[in-house]
Amino acid sequence: VTENRSDLEDLHLYATPREQRFRRFASLEFEGQLYMTPYDFIQAVTNDEPKRAKKWRSLSKQELNQILMETPPVWKGSSKLFRNLNDKGVISYTEYLFLLCILTKPHAGFRIAFNMFDTDGNEMVDKKEFLVLQEIFRKKNEKRERKGDEEKRAMLRLQLYGYHTSTNSVLKTEGEDPVPRSYWDTLRRSTSQALFSDLAERADDISSLLSDTTLLVHFFGKKGKAELNFEDFYRFMDNLQTEVLEIEFLSYSNGMNTISEEDFAHILLRYTNVENTSSYLENVRCRIPEEKGITFDEFRSFFQFLNNLEDFTIAMQMYNFASRSIGQDEFKRAVYVATGVKLSPHLVNTVFKIFDVDRDDQLSYKEFIGIMKDRLNRGFRGYKPIQRYTTFKSCVRKELYSR
């Protein structure tokens, strides 16, 4: 099924940035609803534009059932799950938003939410409870709807959700506090609201309107009767984060065990609103003359830290209130105290060399945090096209080792 170009562009006018991105990368359609494949999802979080022409292939019920039959159970998950499934899977828009949360939020909040819905204390969540949990994360992840033609918005919601509903109607929104709140404060309030509202009762109605997906079968089995424990869910979250980071890392490493410090800077600055990246890259070239390289473990630990950026910001503010400068030791300590992540001295030194623009060996934490928030919201607050060139020294090194 190929949508008429004018209709596609017309609906895009009424879509939020996340809706636009989902529609641009989705490649499947079933009973009027759009879906991503696992391949589409990986492309959406690691590339600027889809590699394939804009087409939505219509799935038959038989084809969908065959795809779901081949879905492995959660205990067989791995950090190559999405790559192994490739086009053999379907991911809904709500699940797309939920997976984005997994990539950008600390695991601790998921543990709290998971336990809140474990009402019988057996440390397991069933399919209905999971759908409620997923809706809460979706509500926080999604922004307020754009105003526009109600008929067009209704068409868009049908295409994204498979049924007519406002994207903000799952939880009550009357009297919302206009004051911005932290992610987990909003989650706490939403969870409390869900537990003491009719949302759980309406979960059966929501479930009856939804088609099974790869994620639901992966978690709850082909009959939907299995229960999910947090240990398996935690492993799924960890594997997904690792898989996406591996893909980004491997796109620069060219088979080596490390990427150059300049490549690391390119990756950090890619999904940001930084207008002129040359000064940051020049810092790396001039101030790290002897390339040591960034290992995957260092790379992964830095992004684990970024997922806890809110807590780190509080620690940094304490240094600011005390009028203390932020050197490398203070930075490393604040990261560990706030997030429990230990960054290597070389990685911390590299970060300082990238972001210490005035070269006083101190970090402007406000500028650093602002840029890293852009990076964390990959693709939605603006992004830089991927640049795959490396320093001459890096190219020579990789060429020598490849022989």
query: Exactly one of (1) open to solvent by 30 Å² or more (accessible area, probe 1.4 Å); (2) at pLDDT below 80; (3) in a helix (DSSP H, G or I); (4) within 28 Å of residue 101 (Cβ to Cβ) is unmet by residue 373. Its number?
result: (2)
field: Pair list, Cβ < 8 Å and 6+ apart or interchain, from region 42-55 residues that are within 20 Å of residue 242 (Cα to Cα) to residues that are among the polar types (S, T, N, Q)
entry: 46/251
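What is the residue count in region 84-113 for residues that are outside any helix (DSSP H, G or I) and of a type in the set (Ser, Thr, Tyr)?
Residues that pass the stated criteria total 1.
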field: Considering residues of region 24-49 that are more than 20 Å from residue 81 (Cβ to Cβ) and touching a helix residue (DSSP H, G or I) at 6+ places or on another chain (Cβ under 7 Å) only, the residue modelled with the lowest pLDDT
entry: 32
message: Quick test of your reading of the structure: residue 238 fulfils all but one of (1) modelled with pLDDT under 90; (2) open to solvent by 30 Å² or more (accessible area, probe 1.4 Å). Name the failing condition by number.
response: (1)
task: For region 260-280, name all the residues that are in a helix (DSSP H, G or I) and in contact (Cβ under 8 Å) with a residue 40 or more places away in the chain.
output: 261, 262, 263, 264, 265, 266, 268, 269, 270, 279, 280
query: With (1) out of contact with any helix residue (DSSP H, G or I) (no Cβ under 8 Å at 6 or more places or on another chain); (2) within 14 Å of residue 350 (Cβ to Cβ) as the list, and residue 250 as the residue in question, which single condition is left unmet?
result: (2)
- line: Among the residues of region 251-266, the number that are of a type outside the set (D, E, K, R), surrounded by 23 or more Cβ atoms within 10 Å (Cβ to Cβ) and within 21 Å of residue 370 (Cα to Cα) is 2
- prompt: Of the conditions (1) part of a helix (DSSP H, G or I); (2) surrounded by fewer than 13 Cβ atoms within 10 Å (Cβ to Cβ), residue 359 fails just one. Which one is it?
  reply: (1)
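Does residue 284 qualify as being crowded, with 17+ Cβ neighbours inside 10 Å and under 16 Å from residue 347 (Cβ atoms)? Please lay out each step first, then the result.
On the way: crowded, with 17+ Cβ neighbours inside 10 Å: yes; under 16 Å from residue 347 (Cβ atoms): yes.
In short, yes.
The values are calculated or read from the model by the stated rules, or taken from the named source; none is laboratory data. Quantities reported herein were computed from a predicted structural model and do not represent experimental measurements. Positions of Cβ are backbone-derived with ideal geometry, glycine not excepted, and every protein chain shown enters the neighbour counts. In case anyone asks, the SASA skips ligands and DNA or RNA and just uses the protein heavy atoms, side chains included. Shrake-Rupley method; radii C 1.70, N 1.55, O 1.52, S 1.80 Å.
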